[in-house]
Amino acid sequence: MTFNKTLLAGMIGAVMTGTALLPAVANAENTLRMAYDADPVSLDIHEQLSGGILQLSHMTFDPLVRWTQDLDFEPRLATEWEQVDDTTMRMTLREGVTFHSGNDFTAEDVVWTVERLKRSPDFKAIFDPIASVTAVDDYTVEFKTEEPYPLLLNLATYIFPMDSQFYSGTDSDGDPKDEIVKNGNSYASSHLSGTGPFTVVEHRKGTRMEFERFADYWDEESPGNVDSIVLTPISENATRVAALLSGDVDFIAPVPPNDLERVRESDNAELVTMPGTRIIFLHMNQERVEAFQDERVRQAFAYAINQDAIAERLMKGFATPAAQFSPEGYAGHIESLERRHDLERAQQLMEEAGYADGFQITMMAPNNRYVNDARIAQAVATMLARINVEVDLKTLPKAQYWGEYDDRAADVMMIGWHADTEDSANFHEYLTACPDAETGAGQYNAGNYCNPELDRLVAEANLEVDLEKRAEMLQQVEQTLYDEAAFVPLHWQDLAWAAAPNVDIEPILNVMNFPYLGDLVIQAE
């Protein structure tokens, strides 16, 4: 099966669940054996803004609203919403919803969750436009923004109400249960109570994760019939594919480009693919390497790297070479921007900048987060050697890589990014905005690129309700980032999943790569 969905043009875009360990679920009637390339790094859904954490969020929590496959908004814990005035939105919440702990879900949990999001290092930049959120009554909340803000419903897709009672107070060490600890240990990183379809039974980090269907799950209309899930992280692509084709697991992601035809032709698997919107790119750290402060050197790196060759040879065509952050269909996308591989021009720019003899740099990349990430990094190192740049490359498993990334531990670092609000502004806010720990701007800007004028322009775009004008402003941002070579774009990574023939994954998949596993149906064999 091939599933093709394109974004709408101009879119605005632990182990314990309570007080006792739950019983093992291996003998449940419908058990999904799932193999991802890695497991979530934490049970705290506010610790890290990443695909793995958001996938976990959709399994164990529910958002206020969520995206459909057509990128419309679907009510979840919020059943209705009304724009009261230019800066106020009122939401009606679903009644009769219970957390895994047994606590009732109310408006106070939404208020508590948004306030926690606003102090999360990874999420606070997204939620900065929200001036306040107030519980009008037990099942009504009111959001206020400082200025008119066109993306409030987009933000609501990232509000997964947490169990405020469960996470209040202190743990056995006297630490606050609601503490957010990046890459460390906290109560929330090992305990979970959500409203979602599955509870966490066991999490042996890096080895095995078990989930059980929540008996009191509110969504009785969901077609999902999965009683339990066993997630086994398998970082090695060939091993993960072999596990599916041999029947050892029922569902895998991602399917690597080299194995697409093998899976497609197998009688033991069904393949689902779709164009992706996650940009894979490289940051050049201007604080670590003086040469990167020269725009000509950054441009030289962009000219030296052949995105088309990477997409064709390493990704087997299962990627779209990129010249910008925004994929086609996003408001900021500029159709005329061209990829600029030109080795002669790259060498000329290095000479003009005084670096004809090149220099040495360190580079880090994950080896199990993005499709062929380590091989792509190796190819980049080879390409940079042609402009006399010697690369000391180190690749790491995802669980170790993110700590190094947060520490900006190398001169060049690889990252992939899917716009969390399905909007172009999100790319700049997190990846190229002037880093500001207080506001969270530039939280993942490992290049330390800074252009205050662009920050101002994005801030203005986020207040512009005229979508045509807003698109023009975001396109101006993309053009400037391109001209100044703020980063080196590689490609938008396509998406591929595969499952046993009786596991109907197509209806639960989307371009965000957040499978709605609560709605998954396993057909009787």
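For residue 367, list long-range residues whose amide hydrogen, built 1.01 Å from N in the peptide plane, is under 5 Å from its own amide hydrogen.
The list, which skips near neighbours in sequence, is 396, 398.
Divide by every residue of the chain the summed helix terms, -39500 (n - 2.57) for each DSSP H run of at least 4, and state the resulting mean residue ellipticity at 222 nm, rounded to the nearest 500 deg cm²/dmol. Don't skip to the answer; put the middle values down first.
Values: 14 runs with 125 residues, N = 525.
When only DSSP H runs of four or more count, the value is -6500 deg cm²/dmol.
In the neighborhood of residue 298, defined by Cβ-to-Cβ distances under 11 Å, what is the net charge if each Lys or Arg adds +1 and each Asp or Glu adds -1? The partial results should precede the final answer.
Values: positive: 296; negative: 294, 295, 483, 484.
Net of charged neighbours comes to -3.
How much of the accessible area of the stretch 269-368, probe 1.4 Å, is carbon plus sulfur, in whole percent? Can you show the working numbers first?
Numbers: 1430 of 4070 Å².
Whole-percent figure for carbon plus sulfur exposure: 35.
Tally up the carbon and sulfur contribution to the accessible surface of the stretch 102-210 as a whole percent, 1.4 Å probe, everything protein left in place.
On the way: 1630 of 4040 Å².
Here it works out to 40 percent.
Using the crude model of +1 on Lys and Arg Cβ and -1 on Asp and Glu Cβ, and no other charge, please compute the dipole size for the stretch 283-397 relative to its Cα centre, in debye to 20. List each step's numbers first, then the result.
Working: 12 positive and 17 negative charges, 102 e Å.
Its charge dipole is roughly 500 debye.
Could you tell me which of 217, 186, 165 has its Cα farthest along the dipole of the stretch 147-260 towards the positive end, charges placed at Cβ (Lys, Arg +1; Asp, Glu -1), taken about the Cα centre?
Projecting each Cα onto the dipole axis, the largest value belongs to 186.
State the extension gain, in nm to one decimal, for the chain segment bounded by residue 147 and residue 172, taking 0.36 nm per residue of separation less the distance between their alpha-carbons.
Here the answer is 4.7 nm.
Please work out the C-alpha center-to-center distance from the stretch 260-326 to the stretch 157-201 and express it in whole Å.
Taking the Cα centre of the stretch 157-201 as reference, the centre of the stretch 260-326 is 35 Å away.
Calculate the FRET efficiency for residue 323 and residue 264 from the Cβ-Cβ distance with a Förster distance of 35 Å, rounded to the nearest 0.05. All intermediate terms of the calculation are to be shown ahead of the outcome.
Working: r = 30 Å, r/R0 = 0.85.
The value I calculate is 0.70.
For the stretch 375-525, what's the radius of gyration and Dmax over Cα atoms, in angstrom?
19.3, 60
Just to compare against my own numbers: the Cα pair-distance distribution for the stretch 348-410, 10 Å bins, whole % per bin, please.
22, 43, 26, 9, 0
With each label point set 7 Å from Cα along the Cα-Cβ vector, what nm distance links residue 79 and residue 385?
Rounded to a tenth, the inter-label distance reads 6.4 nm.
What do you get for trypsin sites (Lys or Arg not before Pro) in the stretch 358-397 restricted to DSSP loop and a cutoff of at most 16 other Cβ within 10 Å of the site's Cβ? Please list the in-between numbers first.
Numbers: sites: 369, 375, 386, 394; in loops: 369, 386.
Here the sparse-neighbourhood loop sites are 386.
So for the chain, taking the charge dipole from beta-carbon charges (+1 Lys/Arg, -1 Asp/Glu), which of 91, 125, 523 sits furthest toward the positive end?
Result: 523.
Test of the criteria: in the stretch 366-465, which GluC sites (Glu not before Pro) are in a DSSP loop and have at most 10 other Cβ atoms within 10 angstrom of their Cβ? Provide the component values of the computation, followed by the final result.
Numbers: sites: 390, 404, 422, 429, 438, 453, 460, 464; in loops: 422, 438, 464.
In loop regions of the stretch 366-465 (DSSP not H, G, I, E or B), the sparsely surrounded GluC sites (Glu not before Pro) are 438.
So, with a 1.4 angstrom probe, what is the percent of accessible area on the stretch 418-525 that is carbon and sulfur?
Working: 1740 of 3500 Å².
Whole-percent figure for carbon plus sulfur exposure: 50.
Take the Cβ-Cβ distance between residue 523 and residue 239 as r, set R0 to 45 Å, and report the resulting FRET efficiency rounded to the nearest 0.05. Walk me through the numbers on the way to the answer.
Working: r = 26 Å, r/R0 = 0.59.
It comes out at approximately 0.95.
Give the separation of the Cα centroids, the stretch 457-525 to the stretch 93-133, in Å.
First find each Cα centre; the distance between them is then 24 Å.
Can you give me the accessible area per residue for the chain, using a 1.4 Å probe, in Å²? If you can, show how the numbers build up before the last one.
Numbers: 20120 Å² over 525 residues.
Averaged over the residues of the chain, the accessible area is 38 Å².
Are any of the pairs 118/394; 124/394; 182/394; 124/144; 124/182 more than 25 Å apart by Cα-Cα distance, and if so, which?
Details: 118/394 34 Å; 124/394 30 Å; 182/394 22 Å; 124/144 16 Å; 124/182 14 Å.
Long pairs (Cα-Cα over 25 Å): 118/394; 124/394.
Would you work out if the stretch 28-68 is rounded, prolate or oblate? Take a ≥ b ≥ c from the square roots of the eigenvalues of the alpha-carbon gyration tensor; rounded if a/c is under 1.5, else prolate when a/b is larger than b/c, oblate otherwise. Could the numbers behind the result be given before it?
On the way: a/c = 2.00, a/b = 1.25, b/c = 1.60.
It is oblate, given that a/c is not under 1.5 and a/b is not larger than b/c.
Take residue 436 and residue 108, extend 7 Å from each Cα along the Cα→Cβ direction, and tell me the distance between the two endpoints in nm.
About 3.4 nm separates the two model spin labels.
Grab the eigenvalues of the alpha-carbon gyration tensor for the chain, scale each by 5, take roots, and send me the semi-axes largest first in whole angstrom.
36, 28, 21
The values are calculated or read from the model by the stated rules, or taken from the named source; none is laboratory data. The structure displayed is predicted, hence computed values, not measured ones. Heads up, the Cβs are rebuilt from the backbone with ideal geometry, glycines too, and the neighbour counts pull from every protein chain shown. Ligands, DNA and RNA are stripped out before the accessible areas are found, and what is left, the full protein with its side chains, is counted by its heavy atoms. Shrake-Rupley method; radii C 1.70, N 1.55, O 1.52, S 1.80 Å.
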